[in-house]
Structure formats: structure tokens, C-alpha cells
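Enquirer: Take a look at this one; I'll ask things after.
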Amino acid sequence: MGGRQIAARALVQDSSGSVRQMVAADPAAIGYISLGLVDETVRAVTLDGVAASEATIDSGRYPLVRPFMFVIAGTGRADARAFIDWITGPEGRELTRREGLLPPRPGS
């Protein structure tokens, strides 16, 4: 937001499902949710002539994205590496997609 404060009258929700529901109920509303959660009740905004899609997000053409990061304490944890390998593999990518998120790229 360029250092600006959120308006006092803005409604802040702690789940994407709640944001989607509120936006769907108010024709003047705008919100921020994961692309995979966009359904027939809301639509993704086209920015600078670029529609939101998995392809435009992956290519870097869609200008508004929120990266998702894994963080751990310490280094070299085999269990953490095993999880990251699993979630970026076929089974984890499918689970991520079913949960309404764009899957991580392999090797990311």
C-alpha cells in the first residue's frame, strides 16, 4: 500500500473463504484471495490488461501476487527437506490444488 494506512472502515478477515463471501455479497467490494479460490461468485481483476491465471502468474506477467514461503528454524533438517520435496512433487502439488491454491513449482 505504499506505506499508507488501511482505512479505518476497511473490513479485515482472517480467511480467504470469508473474504470471498463478503466480496460476493457486496457489488462494491474488493478483496484479496488465492486464485484457486476464485469461483462463480467472484471474479479476478484484470490488471494492466493481463488476466489472472496460473500461466500469467507463473510467467510473472500478472503484477499482483503474494508468494507463499516455507520457513524453518535452523538448517539442514532432513524432515523439513523431505516435506518440501513431497509438497513440490506430484502428490503434494495435487493436494495443494485441491485446497484451492496454485501448486508450487517443482524444485522451488
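Enquirer: Look through G60, G74, G107 and report the one residue that is modelled with pLDDT of 85 or more and on the phi > 0 side of the Ramachandran plot. Talk me through it step by step, then tell me what you get.
Expert: Numbers: G74 fails: modelled with pLDDT of 85 or more; G107 fails: modelled with pLDDT of 85 or more.
Unique residue meeting the criteria: G60.
Results for (1) without any contact (Cβ under 8 Å) to a residue 24 or more places away in the chain; (2) of a type in the set (A, V, I, L, M, F, W, C); (3) not assigned by TED's automatic domain parsing to the domain that holds P104, shown as yes or no for each residue.
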{"residue": "P27", "(1), (2), (3)": "yes, no, yes"}
{"residue": "I33", "(1), (2), (3)": "yes, yes, yes"}
{"residue": "R43", "(1), (2), (3)": "yes, no, yes"}
{"residue": "G74", "(1), (2), (3)": "yes, no, no"}
{"residue": "A80", "(1), (2), (3)": "yes, yes, no"}
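Enquirer: Which of the numbered conditions does V23 fail, given that it passes all the others? Conditions: (1) of a type in the set (V, I, T); (2) surrounded by fewer than 15 Cβ atoms within 10 Å (Cβ to Cβ); (3) modelled with pLDDT of 95 or more.
Expert: Status for V23: all satisfied but (2).
Enquirer: Next question, about the same structure. Determine whether R20 is under 23 Å from P104 (Cα atoms) and not small (G, A, S).
Expert: Details: under 23 Å from P104 (Cα atoms): yes; not small (G, A, S): yes.
So R20 fits the description; yes.
Enquirer: I would also like to ask the following. S16: in contact (Cβ under 8 Å) with a residue 24 or more places away in the chain and of a type in the set (S, T, N, Q), yes or no?
Expert: yes
The values are calculated or read from the model by the stated rules, or taken from the named source; none is laboratory data. What you see is a predicted model, and the numbers here were worked out from it, not measured in a lab. Positions of Cβ are backbone-derived with ideal geometry, glycine not excepted, and every protein chain shown enters the neighbour counts.
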